[in-house]
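A.B. asks: Handing you this structure, nothing more for now.
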Amino acid sequence: MDCPVARIAPSAAPQVDFALVGHPESWSAAAEVFSALRGPEHTPLPDDEIRDILPWIPPRAVCRVAAKSIGDAEAHGLYIDSFISPDRLDAACVRENLTRVRAAAAYAIKAGAKMVSLGGFSSILIEGNFDQLPPGHRTVFTTGNTLTVAFIVQGLEKMCAQQGRNLRQSTLLVVGATGDVGSGCVRCLAGKVRRVQLIARNVERLRRLAVELESEGIDVEIGTDLGDFSEKAGLVICAASLTSSSLLLSSIAPDAIVCDAGYPKNLSPDATTSRATIFFGGLGQITGGLTFDPDLRGILNHHPFPDVAHGCLLEGIALTLEGRFESFSRGRGAITPKLVEEIEMIAARHGIYLAPFFNGAGPVTLQ
Amino acid sequence: MESLMEMKPLTECDFPTAPIWQDVLAQAVTGELVAAMNYAALAGICDDPQEAEEAWEHAAIERAHAAAFTAAGRKIGVDVVSNADGKHWKRVREAFMRCVAEHDVIGCLIVQEIMLESFALASYSRVAIVAPGSLGKVFGAIAADEQEHADHAMCILKAERDASPQVFDDKLHRLHLEVMTTLAAMLTKECKDGHCEVCQSSCVKPSLFEVNLSAALLRGASLQQYMKMLDALGLPGEVTLAWIAQLPV
């Protein structure tokens with residue numbers, strides 16, 4: 001393999017239309033990026049070295065990104081890593097992580113980005129509090145969650161159609177139902193299924209969401225524990241990462257369709273879940289092409305299909321290609337079916353569609 | 001005023017970690033003396049008499065820092081022995097002198113004010129947090145001094161880069177490969193290429209945890225400082241990240 005950084009030469013600042021702010025999903029993901037940046041002539045860094053080095057790296061661009069529309073539009077941007085350590089994504093580290101996200105946002109503003117997508121935990125940390133971000137008169141921020149919701153909903157509907165499932169007769173369980181993505185999925189799908197089961201940690205928020213849905217005639221059950229429900233769900237959206245995936249998989253229908261939309265994604269099919277269909281949700285594919293400089297394809301977006309990325313990042317790209325520089329997704333449960341439909345149309349105009357199905361074991365084929 | 005009791009030098013028995021501080025101080029004194037020699041050499045190639053005068057002043061300040069570190073060592077009962085010909089320091093010095101030979105003032109400033117100062121500033125600041133009593137205060141005060149140097153040089157270097165980014169960045173990368181590779185090797189977890197010729201006996205790095213330090217921490221803090229300085233100069237982050245990723249570990 002050629003060294004992906006060999007041809008990087010510092011030069012006058014190129015055009016930056018958008019920026020994607022992310023962080024390593026895992027230590028192994030970080031190690032892959034570092035190995036690529038080191039190039040084949042250097043030995044890969046051992047795990048302990050990665051753990052020693054990464055926390056010291058100030059938020060910065062990792063590579064340049066170019067996205068092409070199926071129309072004429074083309075957009076250029078940066079992938080900016082906040083370098084939040086994968087083992088410091090918990091509540092105890094919120095303050096230091098916010099500092100890193102703010103620094104990454106400042107980097108994007110300084111680079112001249114007009115649109116910034118806050119991917120993964122970056123958007124969770126900010127959660128609609130855009131005033132926590134540094135001011136940038138020419139820069140707008142989006143959590144990107146509306147397109148994520150769109151791809152989760154599309155994915156579940158498509159998988160049901162492929163498997164001949166009747167949505168109307170199904171019970172849908174949403175884990176992390178009161179979060180921005182979870183509540184958006186609930187609002188889009190609740191009216192299309194027989195019953196919804198909502199699970200989250202905050203009971204008060206759960207109750208408020210249930211009241212809203214019940215006023216629309218929807219059959220709702222709420223709980224803080226998987227054992228709280230009257231029946232085993234056949235459709236599941238995990239909008240929050242689970243500490244124990246086996247617990248979930250033993251609490252749902254054996255042939256359930258499970259959309260892992262958490263971040264990081266940690267549901268994997270195994271012997272005990274051989275009848276369930278698990279796929280990673282919230283991902284899209286940009287058919288006009290996505291290029292990285294240095295070439296970190298398949299490293300930054302480690303998926304079995306080309307040009308696949310998280311919906312949250314693709315939302316910023318879609319809006320940039322459309323020339324709509326606005327904070328489309330602002331967090332805090334404001335995602336509505338109407339907004340989802342709108343961003344789907346914008347994305348589709350530029351060739352950004354639902355990604356092919358896959359999970360941690362590879363492409364998902366019909367059973 | 002300090003009491004006589006406080007003035008009395010501590011012995012190794014009083015200060016069980018003294019041998020560790022002795023080696024930490026030896027590296028610091030060596031670094032300061034190398035900096036003093038660098039500034040003196042820089043003064044010789046400055047066309048502007050005022051710049052030359054400033055370089056001489058910097059040289060004097062670095063010598064004063066070395067003296068302060070040596071005195072701090074005496075205070076805890078250790079003799080601090082420097083060795084500017086130790087293999088890493090010698091390499092750094094040679095890189096600097098190549099810039100001097102080419103009358104390359106900007107190259108000299110990059111090596112001294114960006115690369116060496118990053119390591120000095122970040123390391124001294126970290127040592128200041130954990131070093132006991134007056135030793136910590138000396139490291140803290142000298143770190144503050146080094147910050148002033150760096151701020152002054154950054155203005156000159158930023159103007160130089162703004163005028164010709166490609167030429168500046170090419171030069172910086174060449175010097176990075178020479179100097180930062182050496183400095184990073186100094187702070188790898190183990191000295192894989194043998195003794196550094198500055199530590200008094202065996203390598204001090206495995207013992208640093210006894211004083212709440214580690215080579216990884218000093219290296220991480222130093223590289224962070226370096227990256228921040230490169231960011232401030234306007235170098236693209238994706239480029240400098242790759243440079244850092246390729247350093248020896």
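A.B. asks: Specify the residue that is farthest from residue A:147 (Cα to Cα); the eligible residues are those in the stretch A:268-294 that are modelled with pLDDT of 90 or more and in a loop (DSSP other than H, G, I, E, B).
C.D. replies: Here the answer is A:294.
A.B. asks: For the stretch B:234-244, does any single residue satisfy the condition of being more than 14 Å from chain A (Cβ to nearest Cβ) and out of contact with any His (no Cβ under 9 Å at 6 or more places or on another chain)?
C.D. replies: No.
A.B. asks: Would you call residue B:160 touching a residue at least 12 places away in the same chain (Cβ under 8 Å), more than 8 Å from chain A (Cβ to nearest Cβ) and either over 25 Å from residue B:34 (Cα atoms) or surrounded by 16 or more Cβ atoms within 10 Å (Cβ to Cβ) (or both)? Let's see the steps before the verdict.
C.D. replies: Values: touching a residue at least 12 places away in the same chain (Cβ under 8 Å): yes; more than 8 Å from chain A (Cβ to nearest Cβ): yes; either over 25 Å from residue B:34 (Cα atoms) or surrounded by 16 or more Cβ atoms within 10 Å (Cβ to Cβ) (or both): yes.
It is true that residue B:160 is touching a residue at least 12 places away in the same chain (Cβ under 8 Å), more than 8 Å from chain A (Cβ to nearest Cβ) and either over 25 Å from residue B:34 (Cα atoms) or surrounded by 16 or more Cβ atoms within 10 Å (Cβ to Cβ) (or both).
A.B. asks: Turning to a different aspect of this structure: Please go through (1) under 18 Å from residue B:119 (Cβ atoms); (2) within 14 Å of chain A (Cβ to nearest Cβ) for residue B:141 and return the number of the only condition it doesn't satisfy.
C.D. replies: Checking residue B:141 against (1) under 18 Å from residue B:119 (Cβ atoms); (2) within 14 Å of chain A (Cβ to nearest Cβ), the one that fails is (2).
A.B. asks: Could I ask something else about it? Please determine, by comparing only the residues of the stretch A:58-67 that are surrounded by fewer than 23 Cβ atoms within 10 Å (Cβ to Cβ) and in contact with a Leu (Cβ under 8 Å, 6 or more places away or on another chain), which one is farthest from residue A:347 (Cα to Cα). It would help to see each step written out before you state the result.
C.D. replies: From the stretch A:58-67, those surrounded by fewer than 23 Cβ atoms within 10 Å (Cβ to Cβ) are A:58, A:64, A:66; that's our starting set.
Now narrow it down to the ones that are in contact with a Leu (Cβ under 8 Å, 6 or more places away or on another chain): A:64, A:66.
Values: A:64: 21, A:66: 16 Å.
By that ranking, first place goes to A:64.
A.B. asks: Okay, next question. Would you please name the residue that is surrounded by the most Cβ atoms within 10 Å (Cβ to Cβ), looking only at residues in the stretch A:99-123 that are of a type in the set (Ser, Thr, Tyr) and closer than 18 Å to residue A:300 by Cβ?
C.D. replies: A:117
A.B. asks: Tell me which residues, restricted to the stretch A:51-84, are among the hydrophobic types (A, V, I, L, M, F, W, C), in a loop (DSSP other than H, G, I, E, B) and facing another protein chain (nearest Cβ under 8 Å).
C.D. replies: A:57
A.B. asks: Scan the stretch A:33-57 residue by residue and report those that are of a type outside the set (S, T, N, Q) and surrounded by fewer than 19 Cβ atoms within 10 Å (Cβ to Cβ).
C.D. replies: Step one: list which residues in the stretch A:33-57 are of a type outside the set (S, T, N, Q), which gives A:33-34, A:36-42, A:44-57.
Residues satisfying the conditions are A:39, A:40, A:41, A:42, A:44, A:46, A:47, A:48, A:49, A:51, A:55.
A.B. asks: Just one of the numbered conditions (1) in contact (Cβ under 8 Å) with a residue 24 or more places away in the chain; (2) assigned to a loop (DSSP other than H, G, I, E, B); (3) farther than 24 Å from residue A:359 by Cβ is not true of residue A:217; which one?
C.D. replies: (1)
A.B. asks: Moving on. Quick one: would you say residue B:247 is within 14 Å of chain A (Cβ to nearest Cβ), in contact with a helix residue (DSSP H, G or I) (Cβ under 7 Å, 6 or more places away or on another chain) and outside any helix (DSSP H, G or I)?
C.D. replies: yes
A.B. asks: Within the stretch A:201-237, count every residue that is buried (at least 18 other Cβ atoms within 10 Å of the Cβ), at pLDDT below 95 and in contact with a helix residue (DSSP H, G or I) (Cβ under 9 Å, 6 or more places away or on another chain).
C.D. replies: 1
A.B. asks: Filter the stretch B:201-216 down to the residues that are over 15 Å from the mean Cα position of the chain (by Cα) and within 11 Å of chain A (Cβ to nearest Cβ), then identify the one that is surrounded by the fewest Cβ atoms within 10 Å (Cβ to Cβ).
C.D. replies: Among residues in the stretch B:201-216 that are over 15 Å from the mean Cα position of the chain (by Cα) and within 11 Å of chain A (Cβ to nearest Cβ), the one surrounded by the fewest Cβ atoms within 10 Å (Cβ to Cβ) is B:214.
A.B. asks: Restricting to the stretch B:217-233, and then to whatever is in contact (Cβ under 8 Å) with a residue 24 or more places away in the chain and within 7 Å of chain A (Cβ to nearest Cβ), can you tell me which residue is surrounded by the most Cβ atoms within 10 Å (Cβ to Cβ)?
C.D. replies: B:223
A.B. asks: OK, next. In the stretch B:24-133, which helices (runs of 4 or more DSSP H) lie fully inside it and hold 1 or more residues that are modelled with pLDDT of 95 or more, aromatic (Phe, Trp, Tyr) and under 25 Å from residue B:175 (Cα atoms)?
C.D. replies: Because the criterion is at least 1 residues that are modelled with pLDDT of 95 or more, aromatic (Phe, Trp, Tyr) and under 25 Å from residue B:175 (Cα atoms), the helices (runs of 4 or more DSSP H) in the stretch B:24-133 that meet it are B:49-75, B:87-101, B:117-130.
The values are calculated or read from the model by the stated rules, or taken from the named source; none is laboratory data. Being a predicted model, the structure only gives us computed values, none of them experimental. Cβ: placed from backbone, ideal geometry, glycine included. Neighbour counts: every protein chain shown.
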